[in-house]
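One structure is given below, encoded as structure tokens.
The values are calculated or read from the model by the stated rules, or taken from the named source; none is laboratory data. All values derive from a computational prediction rather than experimental measurement. All Cβ positions, even for glycine, are placed from backbone atoms using ideal geometry, and neighbour counts span all protein chains on display.
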Amino acid sequence: MCTEAVPASAAEALEKLQTLVGYLADLDAASMPAEALAACLLRMEQADAVAAVAWARVLAAFDAKNGHQADGQKTLRTWLVHYADLRIMPQLRTLTKSA
């Protein structure tokens with residue numbers, strides 16, 4: 001039975017995520033056996049895939065609401081570059097062409 005509390009908001013979930021990722025960043029990986037490292041890498045890859053889906057869903061909702069305009073940006077692409085400091089990857093160029 002899972003005893004973890006479900007976050008009450010996106011902000012709470014992001015705060016918890018930041019804490020957990022910080023723990024992994026500070027992990028003494030050199031002291032772990034190879035099997036544990038392999039398991040860690042696989043689980044982190046799975047988590048990264050889920051995070052990418054979540055990011056894309058939030059981005060789509062932000063775009064649909066023209067959230068970039070509130071910050072004075074004409075397009076989603078410029079908002080991503082200036083506010084999220086995101087370097088536009090080729091895959092994102094096609095997503096943000098119409099934005």
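Report, by residue number, each residue of the stretch 1-29 that is β-branched (Val, Ile, Thr) and either within 16 Å of residue 44 (Cα to Cα) or assigned by TED's automatic domain parsing to the domain that holds residue 54 (or both).
If the condition is that a residue be β-branched (Val, Ile, Thr) and either within 16 Å of residue 44 (Cα to Cα) or assigned by TED's automatic domain parsing to the domain that holds residue 54 (or both), then 19, 21 are the ones that fit.
Out of the stretch 29-83, which residues are polar (S, T, N, Q) and surrounded by 12 or more Cβ atoms within 10 Å (Cβ to Cβ)?
Once the filter is applied, which keeps residues that are polar (S, T, N, Q) and surrounded by 12 or more Cβ atoms within 10 Å (Cβ to Cβ), the stretch 29-83 yields 66, 69, 73, 75, 78.
Give the residue, chosen from 5, 38, that is part of a helix (DSSP H, G or I) and not basic (Lys, Arg).
38
List the residue pairs whose Cβ atoms are under 8 Å apart, where the first residue sits in the stretch 14-33 and is without any contact (Cβ under 8 Å) to a residue 60 or more places away in the chain, the second is not in a helix (DSSP H, G or I), and the two are 6 or more positions apart or on different chains.
What qualifies is 16/7.
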